[in-house]
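> To start, I am sharing the structure in question, which I have written as structure tokens.
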Amino acid sequence: MSASSTRPSYAAVLRMPCAKRTFTAAVVGRLSYGMVSLTVMLAVSRATGSYAVAGTVMALFGAASVFLTPLRAALIDRHGPRRALLPMAGLYAGLLGVLAAVGWRPGAPPALLGVVAVAAGSCTPPLGAAMRAVWGELIADRRLLQRAYSLDGGAEELTFVTGPLLVGLVVGFAPPAAGVAVSAVLVGAGTLGFAMSPAVRGVAVRASRVRLRMRGWRGLLQPVVVAGGVGLALGAVELLVLAFAEQRQHGDDTVAWVLAALSAGSAVGGLLNGAVNWRVSARIRLPLLAVGLALALGAAGWAPGLVTLSAAMAVAGLFVAPALTTSYLLADEAGAWAGGCLLYTSDAADDLRSVGVGGG
């Protein structure tokens, strides 16, 4: 753990024992989540010829992932990240491979796509929440922990920038289902590297002994509602942007650029948020950030073209990572990082974001 005298900077965060290795592996795995929503949506829509089917499949994928989050959290809390994450990631990657194979050519049965999507969503490994658990174990200084969460949030947003761009690159020369296969490889490799880190071994040792210590469930209400709302809104945005581009006869690569603008704005906002020593409490900042995001997304709905839509999305993104990071800090203050509540409060937003459940 860090000493309280550690200088609160992003460099200091990465100097923590095993931080670079563990963080890099987690980012590689989470890059899959930056790709999976768009690439599955494109693959299903091309395989079935229906956006309604694509939205339904994504809703099933997301529902299975979100509603089974407490079960996956309980497994990790009981067995530790290493023993629980590796089987989850293996199943998830394998089922994504099956989904890619089924959706490779047009004419895929919608029912089969839905069944495979539900199975895959049920196994989604919570790499984001697990990484934040590692930060909580490595760092004791509250100011440095804010930097760590902001760095983590910024990097996660960069995966949502890079992910759609990778999808745009893949669909330029291969069927969208190839992107699903790439997502499977990334999550498998990243989770393996993360789970084998010595820093994760330390969390696993504590997992069997830790007990939930909370000041009260009411302290969790605000961060859970905001984090879930942000994830739900961003999930809906992905399908809406896809429909926007299709209506105006733009290619799939333009969707990737719009979503990349959203995530780029979020990455910038997250890094700026982490660099500021706030005098306003997190509990006051959080609703203000949520309102700012709502207003920006509402304004984006009036965008007449892709350029203005991309600009509006970039502005909206400035509020995303700060809102989520502030939610994590409030959950930490409530004691929710102990046990399964760590995974439930933080991973629900990740699941909603990455699988686009709102698009259903």
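The values are calculated or read from the model by the stated rules, or taken from the named source; none is laboratory data. What you see is a predicted model; the values in this text were computed from it and never measured. Reconstructed Cβ throughout: ideal geometry from the backbone, glycine too, with neighbour counts over all protein chains shown. SASA here: full protein model, heavy atoms, side chains in, ligands and nucleic acids out. Shrake-Rupley method; radii C 1.70, N 1.55, O 1.52, S 1.80 Å.
> Open to solvent by less than 10 Å² (accessible area, probe 1.4 Å) and charged (D, E, K, R): does that describe ASP152? Quick ask: steps written out before the conclusion?
Details: open to solvent by less than 10 Å² (accessible area, probe 1.4 Å): yes; charged (D, E, K, R): yes.
The answer is yes for ASP152.
> Given the condition closer than 15 Å to VAL40 by Cα and either in contact (Cβ under 8 Å) with a residue 12 or more places away in the chain or part of a helix (DSSP H, G or I) (or both), answer yes or no: does some residue in the stretch 138-158 qualify?
The first filter runs over the stretch 138-158 and keeps only residues closer than 15 Å to VAL40 by Cα, leaving none.
No, the stretch 138-158 has no match at all.
> Next question. So which residues in the stretch 271-288 are open to solvent by 30 Å² or more (accessible area, probe 1.4 Å) and assigned to a helix (DSSP H, G or I)? I'd like the intermediate steps shown before the answer.
Just the residues of the stretch 271-288 that are open to solvent by 30 Å² or more (accessible area, probe 1.4 Å), to begin with: 271-272, 275-281, 283-284, 287-288.
LEU271, LEU272, ALA275, ARG283, ILE284, PRO287, LEU288 - these are the residues of the stretch 271-288 that are open to solvent by 30 Å² or more (accessible area, probe 1.4 Å) and assigned to a helix (DSSP H, G or I).
> Pairs please, first residue from the stretch 30-59 and in a helix (DSSP H, G or I) and open to solvent by 30 Å² or more (accessible area, probe 1.4 Å), second anywhere and modelled with pLDDT of 85 or more and among the polar types (S, T, N, Q), Cβ atoms under 7 Å, 6+ apart in sequence or on different chains.
Cβ pairs passing all conditions: TYR51/SER45.
> Sticking with this structure for a sec: On the given criteria, is PRO17 part of a loop (DSSP other than H, G, I, E, B) and either aromatic (Phe, Trp, Tyr) or at pLDDT below 85 (or both)? Break it down into steps so the answer makes sense when it comes.
Values: part of a loop (DSSP other than H, G, I, E, B): yes; either aromatic (Phe, Trp, Tyr) or at pLDDT below 85 (or both): yes.
When the stated conditions are applied, PRO17 passes them.
> Related question: Let me spell it out: the conditions are (1) among the aliphatic types (A, V, I, L, M); (2) over 30 Å from VAL276 (Cα atoms); (3) more than 21 Å from the chain's Cα centre (by Cα); (4) open to solvent by less than 60 Å² (accessible area, probe 1.4 Å), and ALA89 meets all of them except one. Which number is the exception?
(3)
> Still on this structure, I have one more. Of these, VAL182, VAL134, VAL118, VAL161, which one is part of a helix (DSSP H, G or I), crowded, with 24+ Cβ neighbours inside 10 Å and not basic (Lys, Arg)? Let's see the steps before the verdict.
Values: VAL182 fails: crowded, with 24+ Cβ neighbours inside 10 Å; VAL118 fails: crowded, with 24+ Cβ neighbours inside 10 Å; VAL161 fails: crowded, with 24+ Cβ neighbours inside 10 Å.
From the options VAL182, VAL134, VAL118, VAL161, the qualifying one is VAL134.
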